[in-house]
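Inspection log for the structure reproduced underneath, given as structure tokens.
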Amino acid sequence: MSMPFYVAPEQLMKDKADFARKGVARGRSLLAWTYADGILLCAENPSAVQHKISEIYDRIAFAGVGKYSEFDSLRRQGVQFADVRGYQYSREDVDARSLANAYAQLLTQVFTHEIKPLEVEILVAEVGLTAEEDQLFRILFDGTPVDEDHFTVLGGEAEPITERVKETYQADMNLQDALKGATAALAGPDRTLAASDLEVAVLSRLNGRRAFRRVEDPEAQALID
């Protein structure tokens with residue numbers, strides 16, 4: 001009788017983490033950056049079809065990097081979660097914290113019990129009535145939630161981009177200065193990114209209840225120039 005192949009739990013978790021981490025690293029980077037009137041979300045994404053940044057609910061946005069089909073499925077589940085919660089209770093009961101916790105539980109379940117983990121890293125952002133109430137929650141592939149302050153970077157070259165953001169970030173920037181800073185951070189010293197290379201959206205306190213707005217290429221290019 002042959003013995004079943006045994007892998008130590010510690011090694012199995014490490015292999016899963018390495019696999020997921022490599023999948024996330026292959027994705028182009030994305031950053032969220034709080035500015036004077038809300039939250040800027042900016043991703044290197046030349047595709048006009050596959051969005052990395054989307055609206056979840058009134059004042060909440062979702063963003064993801066890694067395997068598109070997997071984080072887009074998470075986006076749809078987030079929309080359903082928010083709609084059901086808002087219908088059963090009230091719209092004010094739908095917030096980024098509860099949504100981030102739901103995502104964290106789902107990703108933890110998959111990472112722990114499935115053979116293949118999700119190759120994703122996601123962001124849930126909520127714009128508050130004041131800058132102090134803005135929230136950024138980054139959820140890692142293993143379900144670990146991270147409560148970020150002011151800005152966060154997801155995907156490929158997160159560490160060097162984070163260092164570049166730290167050099168230029170200011171909380172009271174207007175949208176134009178914030179987008180210029182975000183674009184420069186994503187591009188780095190050796191490249192230049194045009195609006196057509198980017199996907200840009202904002203959660204703006206000035207937009208009323210529906211705070212999410214996409215910044216289309218002509219407007220983005222005018223802000224960058």
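Since every read-out is calculated from the coordinates, none of them should be taken as a lab result. Fair warning: this is a prediction, and the values are worked out from it, not measured in the lab. Note that we place each Cβ from the backbone using ideal geometry, even for glycine, and neighbour counts take in every protein chain shown.
If you go through region 184-202 one residue at a time, how many are farther than 24 Å from VAL127 by Cα, touching a residue at least 60 places away in the same chain (Cβ under 8 Å) and either loosely packed, with under 14 Cβ neighbours inside 10 Å or of a type in the set (Asp, Glu) (or both)?
So the count comes out to 2.
Here is a list of conditions, (1) surrounded by fewer than 18 Cβ atoms within 10 Å (Cβ to Cβ); (2) under 15 Å from TYR57 (Cβ atoms); (3) of a type in the set (A, V, I, L, M, F, W, C), and ALA131 meets all of them except one; can you say which number that is?
The one condition ALA131 does not meet is (2).
Go through region 9-42 and give me each residue that's more than 16 Å from GLU70 (Cβ to Cβ), out of contact with any Phe, Trp or Tyr (no Cβ under 9 Å at 6 or more places or on another chain) and either crowded, with 18+ Cβ neighbours inside 10 Å or charged (D, E, K, R) (or both).
GLU10, LYS14, ASP15, ASP18, SER29, TYR35, ASP37, GLY38
Exactly one of (1) part of a helix (DSSP H, G or I); (2) under 19 Å from GLY155 (Cβ atoms); (3) among the charged types (D, E, K, R) is unmet by GLU199. Its number?
Every listed condition holds for GLU199 apart from (1).
Only one residue in ARG75, ARG85 is over 16 Å from PRO145 (Cβ atoms), part of a helix (DSSP H, G or I), within 17 Å of the chain's Cα centre (by Cα) and not hydroxyl-bearing (Ser, Thr, Tyr). Which one?
It is ARG75.
Look at VAL202 and say whether it is closer than 21 Å to GLU219 by Cβ and among the β-branched types (Val, Ile, Thr).
yes
Evaluate region 91-98: report whether one residue or more is farther than 17 Å from GLU121 by Cα and surrounded by 16 or more Cβ atoms within 10 Å (Cβ to Cβ).
yes
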